Amino acid sequence: MDRIRGEFIDIIEWTDDGRDTIVWRFPRYGNEIKMGARLVVRESQVAVFVNEGRLADVYQPGTYTLSTQNMPVLSTLKGWKHGFESPFKAEVYFVTTRQFTDFKWGTQNPVILRDAEFGMVRVRAFGTFAAKVVDAAALLRELVGTDPQFRTEEVGEHLRQLIVSKLGSALGASGVPLLDLAARQDGIGQQLAGTLTQELSGTGIAIPRFYIENISVPPEVEAAIDTRSRMAITGNLDDYAKLQAADAIPIAAANPGTGGDALGLGVGMALGQRIVQSTSGAAAPQAPAQPAPAPAATPVPAAPAAADVPPPLPTAPRWFIAVGGQQQGPYDESALAGQVAAGNLTRTTLVWRSGQAAWQPADQVPELASLLADVPPPLPPQG
């Protein structure tokens, strides 16, 4: 009798000893399951009976005593009649229904978006997501098959590819500007979770949570954003240039021979031009009304000749310099004097202005010779 009882399985259960197993098949080893055996399905599990390749009964968490009464589908497939109870062979799959939260995703190639402010932009993104089995029968039919141990790694790559394929359309459909993506990451993640769940509904898998940890843009777009931020902080660029020129005056005065005289002359001309511009538009004061005298019989003087009208003042060149690998400017000559005094403009500093074919060291530009007169050349190599 002991030998006969050993041929039958009377307890069917699974204790998950790992964190990455989605489906586990109970090892029957050719033994038969006897009527009256106990089936133990723990929380976060579902048990599925398969008979000769066909899905039969599905059991939710709980403890069951197997009989023809609580196995209606399998009883029909086996053809049991009149309550006949006999040992039977069937495959039992345990499916984990808890959330698997260790999935990571990322874009190997950038996703191209159309932004209203920056035009066509390439973005990259990465984050994490959670997956959960909501239909064990569909999962067995579509993905597991006869796999005795179905792990997260077997479905993870499929989910990541699906996410990347849906990310571009989700970001484009959101209508969120590039500068506001960081503030809207949670909303976009929820939208993607719903889209992916609907896409995976046929496989029995849902995406309850989807997180976007970071969205990045190419370096040139970051540089454009930084430039726009500096312009916003600076405000009025004309006032900013005048402030730089005013700050450069005491620096140039404290360093004679560095172009201070030319700087003073340039600032004086600029101030004079400002005064002329500010007063030219003002209306001249009107004298009190007096009786008009009788017209004298004197000839009207001729209008001044065009040769007596002075030409417009020349426009000062605008210079750009390279400091620490970054472009700075534009500067006029007065502002350049301040950069010399601050040590940012040396003989080897690359400079450029409109009309130059390429960036050149400052000591190769004749117009800057007076500014660099007192700047020593680079030290010779030691040793």
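List of remarks:
- Within the stretch 27-46, being assigned to a strand (DSSP E or B), farther than 19 Å from Trp80 by Cα and out of contact with any Gly (no Cβ under 9 Å at 6 or more places or on another chain) holds for Arg38, Gln45, Val46.
- The sole residue among Thr195, Thr152, Thr203 that is closer than 20 Å to Ile112 by Cβ and more than 19 Å from the chain's Cα centre (by Cα) is Thr195.
- The residues of the stretch 130-149 include none that are among the acidic types (Asp, Glu) and under 31 Å from the mean Cα position of the chain (by Cα).
- Inclusion of Val164 among residues that are hydrophobic (A, V, I, L, M, F, W, C) and assigned to a loop (DSSP other than H, G, I, E, B) is not warranted.
- All positions within the stretch 73-82 that are under 15 Å from Ile33 (Cα atoms) and either assigned to a strand (DSSP E or B) or free of Cβ contacts under 8 Å to residues at least 12 places away in the same chain (or both): Ser75
- Any hit, the stretch 216-223, residues being under 20 Å from Glu117 (Cα atoms), free of Cβ contacts under 8 Å to residues at least 40 places away in the same chain, hydrophobic (A, V, I, L, M, F, W, C) and surrounded by 12 or more Cβ atoms within 10 Å (Cβ to Cβ): yes
- Residue-level check: of (1) surrounded by 15 or more Cβ atoms within 10 Å (Cβ to Cβ); (2) assigned by TED's automatic domain parsing to the domain that holds Pro208; (3) not acidic (Asp, Glu), Asn109 misses just (1).
- Residues in the stretch 167-178 that are more than 16 Å from Gln191 (Cα to Cα) and either aromatic (Phe, Trp, Tyr) or assigned to a helix (DSSP H, G or I) (or both): Leu178 only.
- Residue that is nearest to Pro27 (Cα to Cα) [pool: residues in the stretch 47-72 that are of a type in the set (A, V, I, L, M, F, W, C) and assigned to a loop (DSSP other than H, G, I, E, B)]: Leu66
- Among (1) more than 22 Å from Val155 (Cβ to Cβ); (2) surrounded by fewer than 14 Cβ atoms within 10 Å (Cβ to Cβ), the one test that Gly53 misses: (1)
- Residue match in the stretch 156-174 (condition: within 30 Å of Ala90 (Cα to Cα) and either touching a strand residue (DSSP E or B) at 6+ places or on another chain (Cβ under 7 Å) or charged (D, E, K, R) (or both)): yes
- Pick from the stretch 180-194, criterion buried (at least 17 other Cβ atoms within 10 Å of the Cβ) and within 12 Å of Phe129 (Cβ to Cβ), ranking: modelled with the highest pLDDT: Ala193
- Flag if Val340 is of a type in the set (A, V, I, L, M, F, W, C) and in contact (Cβ under 8 Å) with a residue 60 or more places away in the chain: yes
- Filtering the stretch 11-26 to residues that are assigned to a loop (DSSP other than H, G, I, E, B) and surrounded by 11 or more Cβ atoms within 10 Å (Cβ to Cβ) leaves Glu13, Trp14, Asp16, Arg19, Asp20, Phe26.
The values are calculated or read from the model by the stated rules, or taken from the named source; none is laboratory data. This is a predicted model, so every value here is computed, not measured. Counting neighbours? That spans all protein chains shown, and the Cβs are built from the backbone with ideal geometry, glycine included.
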